[in-house]
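*Asks:* A single structure is presented below for examination.
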Amino acid sequence: MKSIVIGSGFGGIAAALRLKAKNHDVTLIEKHPDLGGRARVFKRNGFTFDGGPTVITAPYLIEELFELFNKNPKDYIELTPLKTWYRFIFEDGKKFDYSGDEDQMKKQIKEINEEDVKGYEELVKFTKKIFDKGFTELADVPFDKPLIMMKQLPALLKLKSYKSVYSLVSSYIKNEKLRRMLSMHPLLVGGNPFTTTSIYGLILYLEKKWGIHYSMGGTGNIINGLEKLMNEVGIELIKGHEVTSIISSNNRIEGVKLANQKEINADNVICNADPPAVYEKLLTKKKFSTLFQWKQKRMEYSMGLFVYYFGTKKTYDNVEHHTIKFGDKYKEHLDDIFNKKKLNNDISYYLHRSSATDKSMAPKNHDCFYVLVPVPNNQSKIDWTVEGDKMKDLIIDKMEKALLPNLRKNIVEDFYLTPDYFENELNTKYGSGFSIQPKFTQSAYFRFHNKSEICKGLYFVGAGTHPGAGVPGVLSSAKVLDKII
Ligand SMILES: Cc1cc2nc3c(=O)[nH]c(=O)nc-3n(C[C@H](O)[C@H](O)[C@H](O)COP(=O)(O)OP(=O)(O)OC[C@H]3O[C@@H](n4cnc5c(N)ncnc54)[C@H](O)[C@@H]3O)c2cc1C
């Protein structure tokens with residue numbers, strides 16, 4: 001059986017390996033000369049900048065891929081657990097070190113609001129229930145038939161999946177700072193905590209279950225390890241070639257066509273490329289049913305990302321590996337980004353300092369960072385050639401004040417990516433950072449299906465399909481595939 005995978009994000013690589021383990025003849029085609037998609041690496045003057053994912057959760061999902069071929073993951077990658085998972089900084093300068101140490105967690109919660117300690121314990125218990133259902137039971141179930149969804153609805157309603165994550169957390173926690181902190185997880189997968197279904201509250205528990213890890217050498221090192229494995233097991237890699245169309249006949253997949261006009265035949269085509277963009281641009285000759293066209297039109301997209309990568313000629317030793325800084329008018333800011341699609345100066349950001357754990361990421365006595373700021377996706381029509389430099393200046397000003405003194409004069413290397421990069425380079429619709437939003441009406445059966453309803457032999461893995469974005473999500477989507485091909 002010949003299978004082609006389009007795209008080399010974590011989801012695409014996992015799909016290629018899983019199909020190879022089932023003896024398929026697998027070819028993976030990637031537009032760029034390097035693999036990884038959102039997890040690509042940018043090397044500049046001795047700095048190694050991981051392009052995207054840095055918080056590694058559920059490491060077993062990565063390790064499984066090596067184990068499929070009886071290989072020891074430790075021969076390829078090195079994952080190390082972090083002690084402090086995130087340092088939260090609030091607008092008044094107060095800090096909270098979030099970790100798996102429950103005593104430390106409760107001690108800090110007590111300092112902010114004593115009565116929330118009990119609520120926190122109850123919240124964790126409830127998120128375990130969501131995790132047991134939403135992750136353990138359903139993350140790798142193929143939601144391609146309405147009946148499968150119908151069967152799950154009573155349980156999902158019992159778990160209050162009609163509520164947003166923020167609203168669920170608020171039913172246990174009184175203090176606003178703690179509410180923000182404990183409900184921020186949807187932002188990690190492209191959702192607004194105020195509208196994302198509380199199913200995603202499972203991430204709070206998922207982190208507790210396996211901890212938060214860092215990949216020594218950067219997340220790019222995992223991609224390198226997986227590339228080595230793919231070469232060893234005989235997966236054909238075609239890099240630096242874009243698929244321009246998917247060929248089908250009589251409602252059956254026949255193969256793909258590349259930008260250089262070459263055609264490759266296959267029994268199955270697995271798209272790791274963004275589903276809405278695939279349906280719109282790679283299947284132009286297909287006629288979709290009215291129902292499917294409605295589904296395409298009604299989708300709401302995740303926010304865009306402004307990611308500023310920078311290296312400094314000094315080290316900021318008191319800055320943690322992962323820092324999350326909330327803006328003052330957090331809710332209004334998210335509303336501007338997700339709904340009004342406009343920029344707002346009161347930014348919240350996530351700062352990644354890889355050299356806090358791994359000195360190899362920067363030259364000696366230097367620090368390697370990226371800062372990620374949620375911004376509107378390209379439905380906003382923002383001209384990033386104009387706004388990009390302004391956004392960079394704003395972020396530097398904010399970070400100088402809050403945690404990196406004299407930053408501007410210490411920067412020796414920098415560049416940034418805007419939603420234009422995600423749209424033009426990674427081929428995502430509207431340059432969204434995480435494909436479609438993780439709302440209830442866009443989850444499971446309501447998301448783009450892993451097994452396409454449009455054409456036989458067409459499948460999807462990655463952020464825009466079930467179960468959704470984030471490294472554990474896209475790796476799980478490849479496990480769904482395992483069950484349907
Ligand atoms: C800045 C940032 C930080 C993040 N941080 C975290 C984190 O800390 N932890 C976490 O778990 N998740 C994180 N995420 C989310 C996570 O990175 C993504 O959800 C996940 O990596 C997406 O993987 P994917 O399999 O969907 O493929 P993608 O990474 O989206 O890759 C798709 C690939 O398809 C290729 N492609 C597209 N069209 C074509 C075509 N026509 N022909 C050939 N190739 C094509 C693209 O070039 C790309 O390489 C982050 C994301 C970003 C952007």
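The values are calculated or read from the model by the stated rules, or taken from the named source; none is laboratory data. Only a predicted model underlies this, so the values are computations on that prediction, with no experimental measurement involved. Neighbour counts run over all protein chains shown; Cβ positions are idealised from the backbone, glycine included. Quick note on the areas: whole protein, heavy atoms, side chains included, nothing else; ligands and nucleic acids left out. Shrake-Rupley method; radii C 1.70, N 1.55, O 1.52, S 1.80 Å.
*Asks:* If you average the sequence gap of Cα pairs under 8 Å that are 6 or more apart and divide by the length of the range 363-470, what percent do you get for the contact order?
*Replies:* In percent, rounded to a whole number, it is 18.
*Asks:* Can you tell me how much longer the chain between Asn339 and Arg408 gets when fully stretched, taken as 0.36 nm per residue apart minus their C-alpha distance, in nm with one decimal?
*Replies:* 21.6 nm is the gain from fully extending Asn339 to Arg408.
*Asks:* Roughly to the nearest percent, how much of the accessible area of the chain is carbon and sulfur, given a 1.4 Å probe?
*Replies:* 49 percent
*Asks:* Now a separate question. Nearest 500 deg cm²/dmol is fine: what mean residue ellipticity at 222 nm does the chain get from its DSSP H runs of n ≥ 4 alone, each adding -39,500 (n - 2.57), divided by its residue count?
*Replies:* Rounded to the nearest 500, it is -9500 deg cm²/dmol.
*Asks:* Another question, if that's okay. Mind checking which aspartates and glutamates have their C-alpha under 17 Å from Lys228, skipping anything on the same chain fewer than 8 residues away?
*Replies:* Glu30, Asp34, Glu63, Glu64, Glu67, Asp75, Glu78, Glu236
*Asks:* Hey, quick one: spin label on Lys2, modelled 7 Å out along Cα-Cβ, who in the range 442-480 has an amide N within reach, i.e. under 16 Å?
*Replies:* The answer is 457-458, whose backbone nitrogens lie closer than 16 Å to the label point.
*Asks:* Separate question: Any idea how far apart Glu67 and Leu147 come out in nm if each label point goes 7 Å out from Cα toward Cβ?
*Replies:* 3.3 nm
*Asks:* Report for the chain the percent antiparallel among DSSP-assigned beta bridges with both residues inside it, nearest 5.
*Replies:* The antiparallel fraction comes to roughly 70 percent.
*Asks:* Once you have the Cα-Cα distance between Met216 and Lys110, take 0.36 nm times their residue separation minus that, and quote the gain in nm to one decimal.
*Replies:* Here the segment from Met216 to Lys110 would lengthen by 34.7 nm.
*Asks:* May I pose another question? Return one quarter of the surface area of the convex hull spanned by the alpha-carbon atoms of the range 1-154, equal to its mean projected area, in nm².
*Replies:* 14.9 nm²
*Asks:* Evaluate the distance, in nm, between pseudo-label points positioned 7 Å from the Cα of Lys281 and of Lys239 along their respective Cα→Cβ axes.
*Replies:* So the label points at Lys281 and Lys239 sit 2.2 nm apart.
*Asks:* In addition: Please list, or write none, the aspartates and glutamates whose alpha carbon is within less than 16 Å of the alpha carbon of Lys286, excluding same-chain residues fewer than 8 places away.
*Replies:* Straight-line reach from Lys286, under 16 Å: Glu254, Glu453.
*Asks:* Ok, one more. Taking the simple approach of a point 7 Å from Cα along Cα-to-Cβ for both Asn231 and Lys329, what is their distance in nm?
*Replies:* Each label point is offset 7 Å from its Cα along the Cβ direction, giving 5.3 nm.
*Asks:* Further question: Going by Cα centres, the range 416-436 and the range 206-260 are how many Å apart?
*Replies:* Here the two parts' Cα centres lie 18 Å apart.
*Asks:* How much of Tyr172 can a 1.4 Å solvent probe reach, expressed as accessible area in Å² and rounded to 10?
*Replies:* That residue has around 50 Å² of solvent-accessible surface.
*Asks:* May I ask you to compute the full-extension gain from Asp97 to Gln293, defined as 0.36 nm times their residue separation minus their alpha-carbon distance, rounded to one decimal in nm?
*Replies:* Full-extension gain reported as 66.0 nm.
*Asks:* Tell me the per residue accessible area of the chain using a 1.4 Å probe; a whole number in Å² is fine.
*Replies:* Result: 40 Å² per residue.
*Asks:* Pairs of alpha-carbon atoms within less than 8 angstrom and 6+ residues apart define the contacts here; what relative contact order does the chain have, in percent?
*Replies:* 24 percent
*Asks:* Rounding to the nearest 20 debye, state how big the charge dipole of the chain is about its Cα centre with +1 on each Lys and Arg Cβ and -1 on each Asp and Glu Cβ.
*Replies:* My answer is approximately 1060 debye.
*Asks:* In addition: Show me 87-95, 467-475, 122-130, 425-433 ranked by packing, highest mean number of other Cβ atoms within 10 Å first.
*Replies:* 467-475, 425-433, 122-130, 87-95
*Asks:* A follow-up question, please. Would you mind checking the pairs Lys125/Lys479; Lys145/Lys262; Lys118/Lys208; Lys331/Lys398; Lys174/Lys208; Lys151/Lys331 and listing those with alpha carbons more than 29 angstrom apart?
*Replies:* Lys145/Lys262; Lys151/Lys331
*Asks:* Considering the Cα trace of the range 11-65, what is its radius of gyration and what is Dmax, both in angstroms?
*Replies:* 13.8, 42
*Asks:* Just need the relative contact order of the range 1-100 here, percent rounded to a whole number, with Cα pairs under 8 Å and 6+ apart.
*Replies:* 18 percent
*Asks:* Under 10 °C and 1.306 mPa s, how fast does the chain diffuse according to Stokes-Einstein, given a Kirkwood radius computed over C-alpha pairs? Answer in µm²/s, whole number.
*Replies:* The calculation lands on 70 µm²/s.
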